[in-house]
Amino acid sequence: VQLQASGGGLVQPGDSLRLSCAASGLAFSRYAMSWFRQAPGKEREFVASLRYSGGPTYYAGSVKGRFAISRDNAKDTVYLQMNNLKPEDTAVYYCAAGTPIISQIREPSAFGHWGQGTLVTVSS
């Protein structure tokens with residue numbers, strides 16, 4: 001299983017970025033796909049999750065209304081559209097695949113497959 005995240009970069013506050021995560025080696029449509037992030041000196045935290053295409057989405061309160069998760073099962077890819085970025089969004093963003101129950105959807109331990117991370121830096 002491989003998850004390849006891309007799309008990070010250096011942006012200014014208020015800018016937008018779209019992260020992508022291409023999966024291979026797994027039955028993509030059967031997995032919940034999530035994004036987590038880890039800022040320097042902090043624990044990895046949940047950002048967003050989508051269990052299946054067209055299904056309910058889950059967001060951390062800090063990104064709700066600014067970020068949007070989506071997936072394209074034909075391309076085995078999950079996306080994270082990030083709008084109105086803030087300096088506190090600076091982190092390494094990781095995509096993850098798993099089969100968590102709803103109550104565990106925000107827990108990193110519920111996801112068995114991880115990408116390598118892509119760095120997002122928001123700074124003026």
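The values are calculated or read from the model by the stated rules, or taken from the named source; none is laboratory data. Please read these numbers as outputs of a predicted model, since none were measured by experiment. Using ideal geometry, Cβ is built from the backbone for each residue, glycine included, and neighbour counts are taken over all protein chains shown. To get the accessible areas, we keep the full protein, side chains included, count just its heavy atoms, and leave off ligands, DNA and RNA. Shrake-Rupley method; radii C 1.70, N 1.55, O 1.52, S 1.80 Å.
Listed conditions (1) more than 15 Å from V122 (Cβ to Cβ); (2) open to solvent by less than 10 Å² (accessible area, probe 1.4 Å); (3) in contact (Cβ under 8 Å) with a residue 40 or more places away in the chain are all met by S20, apart from (2). Residue pairs whose Cβ atoms lie under 8 Å apart, sitting 6 or more positions apart in sequence or on different chains, and linking a residue in the stretch 24-39 that is in a strand (DSSP E or B) to a partner that is of a type in the set (D, E), are S24/D76; F36/E45; R37/E45; R37/D89; Q38/E45. Only residues that are among the polar types (S, T, N, Q) and within 11 Å of the chain's Cα centre (by Cα) were counted in the stretch 7-37, giving 2. Looking at the structure I just gave you, is K86 farther than 22 Å from Q2 by Cβ, in contact (Cβ under 8 Å) with a residue 60 or more places away in the chain and either polar (S, T, N, Q) or out of contact with any Cys (no Cβ under 7 Å at 6 or more places or on another chain) (or both)? It is true that K86 is farther than 22 Å from Q2 by Cβ, in contact (Cβ under 8 Å) with a residue 60 or more places away in the chain and either polar (S, T, N, Q) or out of contact with any Cys (no Cβ under 7 Å at 6 or more places or on another chain) (or both).
Taking first residues from the stretch 104-120 that are in a strand (DSSP E or B) and hydroxyl-bearing (S, T, Y) and partners that are at pLDDT 95 or above and open to solvent by less than 20 Å² (accessible area, probe 1.4 Å), the Cβ contacts under 7 Å between residues at least 6 apart in sequence or on separate chains come to T118/A5; T118/L19; T118/Y93.
Give the residues of the stretch 49-85 that are part of a strand (DSSP E or B), closer than 22 Å to S123 by Cβ and out of contact with any Lys or Arg (no Cβ under 6 Å at 6 or more places or on another chain), sorted by residue number. Within the stretch 49-85, F67, L80, M82 meet the criteria.
Conditions (1) open to solvent by less than 70 Å² (accessible area, probe 1.4 Å); (2) under 20 Å from S6 (Cβ atoms), marked per residue:
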| site | (1), (2) |
| --- | --- |
| R37 | yes, yes |
| E43 | no, no |
| R51 | no, no |
| G54 | no, no |
| K64 | no, no |
| I69 | yes, yes |
| Q81 | yes, yes |
| G98 | yes, no |
| H113 | yes, yes |
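What is the residue count in the stretch 31-45 for residues that are among the polar types (S, T, N, Q) and either touching a Gly at 6+ places or on another chain (Cβ under 7 Å) or within 21 Å of D76 (Cα to Cα) (or both)? Looking only at that region, the number is 1.
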